[in-house]
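The values are calculated or read from the model by the stated rules, or taken from the named source; none is laboratory data. The structure displayed is predicted, hence computed values, not measured ones. Cβ placement follows ideal geometry from the backbone for every residue including glycine, while neighbour counts extend to all protein chains displayed.
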Amino acid sequence: MKPFLSLNTLKFFFLLSTGIACSIAHAEEVVAVLSSDAAPYEEALNGLRETYSQPIVTIRLAREAFKLPRDGAIVVAFGGKAALEVASSSFQGPIIYGLAPGVKLHTQPRSGTLVKIHTSPAIALVLKRYKELQPSLHRLAVLWIGDSIADYFEQKEQLQTSFGVELISVRMKTLDDLPTQLRNLQGKTDAIWMPPDASLITPQSFAAVREFCRAQHIPFYVPSDGLVDKGATAAVYTSFHDLGRIAGSVAKKVDARDVTDSTVVFPDKASIAINVSAAAQSGLKIPTEILQKADKVVP
Amino acid sequence: MAHVVQKLGLFISVLLLQSQPGHAQSDGGDAFEFFQEEAKVTTASRRAQTINEIPMAVDIITKEEIKASGATTLWDLMRFRVGMDVLDGRSADGNRGIVSVRGFPQSFAANLQVLVDGRSVYSAHDDGVAWDQLPIPLQDIDRIEIIRGPNAALYGTGAALGVINILTKKPDGQAALAMDQRVGNRDFLQSYEAVDAAIGKVLAHVSYAYRTQEGNPQASTGREANDFLNKQTFNVRTETALPNHTNLSLFAGGTWSNIGLPITQGGRGDLNHHFEMLKIAHEFSEESTIEISGSRKDDENHYTPFASNIPVQIRDLQYDADILHHLAWWDQRLNTTYGLSYRHVESQSLQQFPGDHSPSAEFYRGYVQQTYRPLKRLTLQGAAALESTTLSGLQPSYQMSSIFALVPEQTLRMSYSVSHTVHDLFPLFAQFPNPPTVLQGNPNLPPYKVTSYEVGYHGDYADRHLSFDTSLFYTQINHFHTLVPVAVTYNPFLLTLQFQDYDKAIARGIESEVKYHFTSARWVYLNYTYESITDIAGDAGLRTQNTPAHKLNFGGATDLGGGFSASTNMGYKSRYLITNESIGTAAVHAYWRLDARLAYLWPWYKDAELYVAGQNLLQAQHLEFTDGLAVPRTYQGGISIKFGAVR
């Protein structure tokens, strides 16, 4: 009687399983830590899973505490709370963190690799897109509060010469200052941009800026497509899903030792969302070809 | 504890949406979720309580509304607000405005705590507030928070009916010069100048205001009464950021007034007031902050009250020290605020207190407030205070409340509280000859005891443009005092009147308000208040009937284009009967009042504005109080200019 599994077949499965085991052993374990199970973090996790095909251990801080992974693991934190939780633990391995616009871990001394994935694309890319949308854009007022946004404007001088856009930095101590600052901007800017500053973006501040821009007939630019749904003129943004994919790519590079230092990664993918009626109210005529290329168009 | 509510004013701009996990990013309803979630990480300690998180009825007057009102007095800013009773009325001893919450309007409204930047300006001598003596030009006010309902557990004695918190603008260090000049009928003249500057790390704001006006007309003859006003106000505030998350604030100011006393033929009063306050705030961490403050106020009044023409000199001193610690813990589900406070009050008067000349009192208070959110939609809040005074011993106050979020942005609130207010020094210790009477104090007067029940609803709709708030309240006040004849002599005739525990009153009512904000510069509102007050003694005018049963207010503001903007406030009060024990009783017919303002921004300089404003525009005059004066139609024109950063 012929055996159910031949010797050669057993050899084949042995070699195959050994190979798989070796390949798994070579890839570092990735632990994804999420601030909560809120949709943005879950979307980013999906992006990470798509890019980093190996199994990923997931910890959602709203449900369970962060446990130290084994040595050699890479931790990817989505959300400011997750980033702070991981950074404040005794974990010394590589940390990649994103979706944390208000958190800046680089000032904290640590030995391991630390990579921040910025929530928005590089400022040059964002300005380039806004300039395409609004060729008459020469003065762009940027409202902000949080310290973390300061890093975003490091290339400000260079950008002025590159695009002919003067960035008017309007930094506030608190949201209490917003009405005053808006009054000061009357007639002094061609558009207003709210960068991804968690201290700044609230329903109330958003509504105040939106109404101000409508009254002044100037475009209102925001850092997410959801805010375009709410009546902002346009957004040049990177989706949470794409941010997760970028985290996966960075994790691969860290795994391959291509990234060993602390660094900030700006997303190179810039999606565009346009609210056509808001654009019309602000006197902005969007060319058809740009509308066709836009990732999202709100009528 | 006061600071929990101080932070409330931020609600205008720091409203955080409730998290709603599980939705896609592009869902419009979730557009703010991510930023809100992240804001918790960085701004937890500066997180404001929203209206939806406050278990009491709260109304906030913003600086935009203050400017649009065109008001010339502090009390007129509150005239058209829900649940407020505001009258233009002169007392025998120089007060010029009457403000009360939820009924009982009197020259000095007891049980209503008034704070300026957290500092109590409630007078221990008069059981109320001398509104026109507060050293705050209207242009310096950032916002006014009105909390209707008892808060003695949070604010101590004097806060049984509510709290009014006046917050001045914080200097931001940007150099600026502001001026506002206004002239009007009835010889009205007002001049305001302010300077903002930074000297090293010290950010400073200094202002000076001068105001003069002729008196209101006599209701009977229409002739000008002896009611003139000359007033100077000086105000300074500095902010200094010290190392290690510490901030030092200094407040100082004064008011110097020369006024006519219409109740006394030819009487005059010199009312001088000044104060100083130092406040240090330190942030241990995002979850733990401590605040220490000390203040002093000094009122010196010379006037001729009543009909006796006996000049009176009174000096009231008050010292306050307060320390509070705010702690957020267990992932922000528990918020604790606790503190200790000390107050010393002293009233010096040879005429009113001929015995020891300067009765005084000490107040020691410990308090704690705990907020607990057991469920995402349910917040429980409890507050308790134990106050010991040298006047009436130990007295507890406590407050329990809950907030239930029916759905996001719609909340139901319920509260129950018991509060005490110690009587002022005059009814306790006076020995004041005012022929043919002698007013005699009674040290055995028990403190007011106020028990209150309240339910309310607050809802925000239409992307928070529309808000609706309504409250149903029931308040019982025990231990009202009144003057009772206790002795009489006939040669010469002298009637001795003593303050005695006399009356108990119950107020119940409903307050509703709807507001729609199109933009920060364009809004409309409508509010209605119904109140019914009954008392055991049946004192018509003093307790019952002195609060209009129906009050309706509506108005709004808008940009008219071309640099023009306009605002109006219209109010109706049904008839009422009002008594002042020193003056008498008057029946006041129902009346409408219209205030309006029209402004024009210079096209070539946006920080300059021309404006005209008017008060009581519907009638030439009408009666509001029992002082024999009519409230006239008044109007003014003015110019407001700012150079440098606009505050």
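Check every one of the helices (runs of 4 or more DSSP H) wholly within segment A:220-281 and list those with 1 or more residues that are away from every other protein chain (no Cβ under 14 Å). Even if it seems obvious, please write down each step before you answer.
Working: elements: A:225-229, A:240-255, A:276-281.
Once the helices (runs of 4 or more DSSP H) in segment A:220-281 are filtered for at least 1 residues that are away from every other protein chain (no Cβ under 14 Å), what remains is A:240-255, A:276-281.
For (1) facing chain B (nearest Cβ under 7 Å); (2) in a helix (DSSP H, G or I), each residue gets a yes or a no:
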site: A:Arg183; (1), (2): yes, yes
site: A:Lys188; (1), (2): no, no
site: A:Ile192; (1), (2): no, no
site: A:Pro196; (1), (2): no, no
site: A:Val209; (1), (2): no, yes
site: A:Phe212; (1), (2): no, yes
site: A:Ala215; (1), (2): yes, yes
site: A:Ile218; (1), (2): no, no
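Determine, yes or no, whether A:Leu175 is facing chain B (nearest Cβ under 10 Å) and over 23 Å from B:Gly563 (Cα atoms).
Working: facing chain B (nearest Cβ under 10 Å): yes; over 23 Å from B:Gly563 (Cα atoms): yes.
It is true that A:Leu175 is facing chain B (nearest Cβ under 10 Å) and over 23 Å from B:Gly563 (Cα atoms).
Would you pick out the residues in segment B:87-122 that are aromatic (Phe, Trp, Tyr) and farther than 24 Å from B:Gly266 by Cα? Outline the logic, then answer.
Here is the first cut: in segment B:87-122, the ones aromatic (Phe, Trp, Tyr) are B:104, B:108, B:122.
Listed by number, the residues that qualify are B:Phe104, B:Tyr122.
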For this session: Residues being more than 12 Å from chain B (Cβ to nearest Cβ), at pLDDT 75 or above and in a loop (DSSP other than H, G, I, E, B): count how many of those fall in segment A:91-109.
Result: 4
For this session: Restrict the check to segment B:152-162 and report whether at least one residue is touching a residue at least 60 places away in the same chain (Cβ under 8 Å), more than 14 Å from every other protein chain (Cβ to nearest Cβ), in contact with an Asp or Glu (Cβ under 8 Å, 6 or more places away or on another chain) and part of a strand (DSSP E or B).
Result: no
Problem set entry | Odd one out for B:Val236, checked against (1) at pLDDT below 95; (2) among the β-branched types (Val, Ile, Thr); (3) under 27 Å from the mean Cα position of the chain (by Cα); (4) surrounded by fewer than 21 Cβ atoms within 10 Å (Cβ to Cβ) | (1)
Seminar exercise, completed: Counting only residues in segment A:265-290 that are aliphatic (A, V, I, L, M) and touching an Asp or Glu at 6+ places or on another chain (Cβ under 7 Å), the one modelled with the lowest pLDDT is identified as A:Ile290
Exercise. For A:Leu167, are the conditions met, namely being more than 7 Å from every other protein chain (Cβ to nearest Cβ), at pLDDT 80 or above, in contact with a Leu (Cβ under 8 Å, 6 or more places away or on another chain) and surrounded by 22 or more Cβ atoms within 10 Å (Cβ to Cβ)?
Worked result: no
Problem set entry | Filter result (touching a His at 6+ places or on another chain (Cβ under 8 Å) and not in a loop (DSSP other than H, G, I, E, B)) within segment B:589-621 | B:Tyr591, B:Arg593
Exercise. Taking only pairs six or more apart or across chains, which ones have beta-carbon atoms under 7 Å, a first residue in segment B:196-217 that is farther than 27 Å from B:Gly89 by Cβ, and a second residue that is among the basic types (Lys, Arg) and assigned to a strand (DSSP E or B)?
Worked result: B:His205/B:Arg237
For this session: Could you tell me whether any residue of segment B:501-513 is assigned to a loop (DSSP other than H, G, I, E, B) and out of contact with any Lys or Arg (no Cβ under 7 Å at 6 or more places or on another chain)?
Result: no
Exercise. Quick one: is A:Lys131 charged (D, E, K, R), modelled with pLDDT of 75 or more and crowded, with 21+ Cβ neighbours inside 10 Å?
Worked result: no
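This table checks each residue for (1) out of contact with any Cys (no Cβ under 8 Å at 6 or more places or on another chain); (2) among the acidic types (Asp, Glu); (3) surrounded by 15 or more Cβ atoms within 10 Å (Cβ to Cβ); (4) farther than 29 Å from B:Ser401 by Cβ.
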site: B:Tyr303; (1), (2), (3), (4): yes, no, yes, yes
site: B:Ile314; (1), (2), (3), (4): yes, no, yes, yes
site: B:His344; (1), (2), (3), (4): yes, no, yes, yes
site: B:Leu350; (1), (2), (3), (4): yes, no, no, yes
site: B:Arg365; (1), (2), (3), (4): yes, no, yes, no
Exercise. For B:Glu531, are the conditions met, namely being among the acidic types (Asp, Glu), modelled with pLDDT of 80 or more and farther than 18 Å from B:Gln106 by Cβ?
Worked result: no
Seminar exercise, completed: Checked against (1) of a type outside the set (Asp, Glu); (2) surrounded by fewer than 22 Cβ atoms within 10 Å (Cβ to Cβ); (3) not in a strand (DSSP E or B), B:Pro485 satisfies every condition except (3)
Exercise. (1) under 25 Å from the mean Cα position of the chain (by Cα); (2) of a type outside the set (Lys, Arg); (3) under 25 Å from B:Ile314 (Cβ atoms): which one isn't true of B:Tyr367, the others all being true?
Worked result: (3)
For this session: For segment B:380-397, indicate whether the set of residues that are closer than 24 Å to B:Gly158 by Cα and out of contact with any strand residue (DSSP E or B) (no Cβ under 6 Å at 6 or more places or on another chain) is non-empty.
Result: yes
Problem set entry | Odd one out for A:Ala150 among (1) of a type in the set (A, V, I, L, M, F, W, C); (2) farther than 24 Å from A:Gly283 by Cα; (3) outside any strand (DSSP E or B); (4) modelled with pLDDT of 85 or more | (4)
For this session: Pairs only if they're at least six apart or on different chains, beta carbon under 6 angstrom, first in segment A:276-287 and aliphatic (A, V, I, L, M), second buried (at least 20 other Cβ atoms within 10 Å of the Cβ) and part of a helix (DSSP H, G or I); list them, first residue then second.
Result: A:Ile286/A:Ala279
For this session: Can you tell me which residue within segment B:304-335, out of those that are modelled with pLDDT under 75 and small (Gly, Ala, Ser), is farthest from B:Phe353 (Cα to Cα)?
Result: B:Ala307
Seminar exercise, completed: Matching residues in segment A:40-55 (in contact (Cβ under 8 Å) with a residue 24 or more places away in the chain and in a helix (DSSP H, G or I)) number 11
